[in-house]
Amino acid sequence: MLDLSRLRALHAVSVHGSVGAAAVALGYTPSAVSQQIAKLERETRTTLLERQGRGVVLTDAAQQLAATAEQLLAIVERAETTLEERRGQPSGRLLVAAFATAARGLLPGVLAELAECHPSLDTRLTEIDPHMTPGLVAQGVIDLAVTHDWDISPLPAPEGVERAVIGDDPSDVVVPAGHPLARRAKLTREDLAGQRWICQPPGSVCHDWLVRTLRASGHEPDLAYQVAEYSTQLALVAAGLGIALVPRLGRDRLPDGAVALPLDPTPVRRLYAMWRPGAARRPAIREAVRVLRDHYPRLAA
């Protein structure tokens, strides 16, 4: 008899591409995932992972077993959904993924309310980039995702994923206090030409939005400093090194030496909750989405 938790570990490695990434998604340590795979290898008398450089790759047998594991996990999910639906109360494990600023600015209050009101619900949180979350939801790795897109860069929902709008998150341009633009009441996109930018690295939704927006205005952006954390961006702005476009959700208090100015038209990213259609019957999914949509307007206000 194959152990389901070990199959889940193998499936996670297949989806995420490494033991370390699978461990983050599952909420385990890398050594725990490796031990699960090793036990599965002994049970099946089959080599499942092979070393390649500094990482591992799945053998052909492992890929076939991982595909079977995905089907089994889907069956188990349907069974658990049916039982939870019959009980009528959120329960069991709920794996939630969120991007960094939502994890910091929105999820603490949401998770605390779920824990207080539903003690039988075991909610786990993983921070994952918005580009990755729709696919992970569709594959059954994540139960519920909080993700976002920008007005000119929509994030498509793949087949097998449903979503609901949580709310809109406006962004401001943050400039050094001594910058000539700091004396303005608001800015236009024409004011941004020729500025030295502090932004997120390439491949992020925010980076792509900034580049596309400035190029659409006829300006090639000067991306001098590319860092992932908005708190680091604000520190660089306060040091007088450039300007940044920073969403309000999860934004730290502005440091001395930095000023936030509205941009006209206002850049907006839209927040979504995503889940699989089959899981929509779970009281845990319905309740988590309700709490997300209830918390966000009060937070934004």
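Summary table
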{"read-out": "ARG290-ARG124 pseudo-label distance in nm [points 7 Å out on the Cα-to-Cβ vector]", "value": "2.6"}
{"read-out": "ALA97 long-range amide H proximity, modeled H, under 5 Å", "value": "THR126, LEU144, ALA145, VAL146"}
{"read-out": "Segment THR82-SER217, extension gain: residue separation times 0.36 nm, minus the distance between their alpha carbons", "value": "43.4 nm"}
{"read-out": "Mean projected area (nm²) of the alpha-carbon convex hull when the range 10-149 is viewed from all directions", "value": "9.7"}
{"read-out": "Ranked order, SER171, SER31 - accessible area, probe 1.4 Å, largest first", "value": "SER31, SER171"}
{"read-out": "Accessible-area ranking of VAL76, VAL291, largest first, probe 1.4 Å", "value": "VAL76, VAL291"}
{"read-out": "Cβ crowding within 10 Å averaged over residues, with 180-191, 222-233, 96-107 ranked highest first", "value": "96-107, 222-233, 180-191"}
{"read-out": "Long-range amide H partners of VAL268 with built H, under 5 Å", "value": "ASP151"}
{"read-out": "Most mobile of LEU144, LEU26, LEU72 in a GNM of the chain (Cα contacts under 10 Å)", "value": "LEU72"}
{"read-out": "Percent of Cα-Cα distances greater than 14 Å, calculated over the range 26-70", "value": "55"}
{"read-out": "All-pairs Cα distance distribution in the range 160-270, expressed in whole percent, bin size 10 Å", "value": "14, 49, 30, 6, 1, 0"}
{"read-out": "Where Rh is the Kirkwood radius over Cα pairs, Rg/Rh for the range 53-97", "value": "1.20"}
{"read-out": "5 angstrom amide H check on GLY92, placed H, neighbours 5+ away", "value": "ASP122"}
{"read-out": "Exposure of GLU116 as accessible area (Å², to 10), given a probe of 1.4 Å and all protein chains", "value": "150"}
{"read-out": "DSSP beta bridges in the range 60-204 [antiparallel fraction, %, rounded to 5]", "value": "10"}
{"read-out": "Where a label projected 7 Å from the Cα of GLN226 along Cα→Cβ would reach, residues of the range 166-208 with amide N under 14 Å", "value": "197-208"}
{"read-out": "Cβ-derived FRET efficiency at R0 45 Å, VAL165 paired with SER31, nearest 0.05", "value": "0.65"}
{"read-out": "Per-residue SASA entry for ASP208, accessible area with 1.4 Å probe, Å² rounded to 10", "value": "50"}
{"read-out": "Solvent-accessible surface (1.4 angstrom probe) belonging to CYS206, in square angstrom, nearest 10", "value": "20"}
{"read-out": "Pairwise FRET efficiency - LEU299 versus LEU241, Cβ, R0 = 35 Å, nearest 0.05", "value": "0.70"}
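The values are calculated or read from the model by the stated rules, or taken from the named source; none is laboratory data. Fair warning: this is a prediction, and the values are worked out from it, not measured in the lab. With ideal geometry, Cβ positions are generated from the backbone for all residues, glycine too; neighbour counts draw on all protein chains shown. For the accessible areas, the whole protein counts, side chains as well, though only heavy atoms, and no ligand, DNA or RNA atoms are used. Shrake-Rupley method; radii C 1.70, N 1.55, O 1.52, S 1.80 Å.
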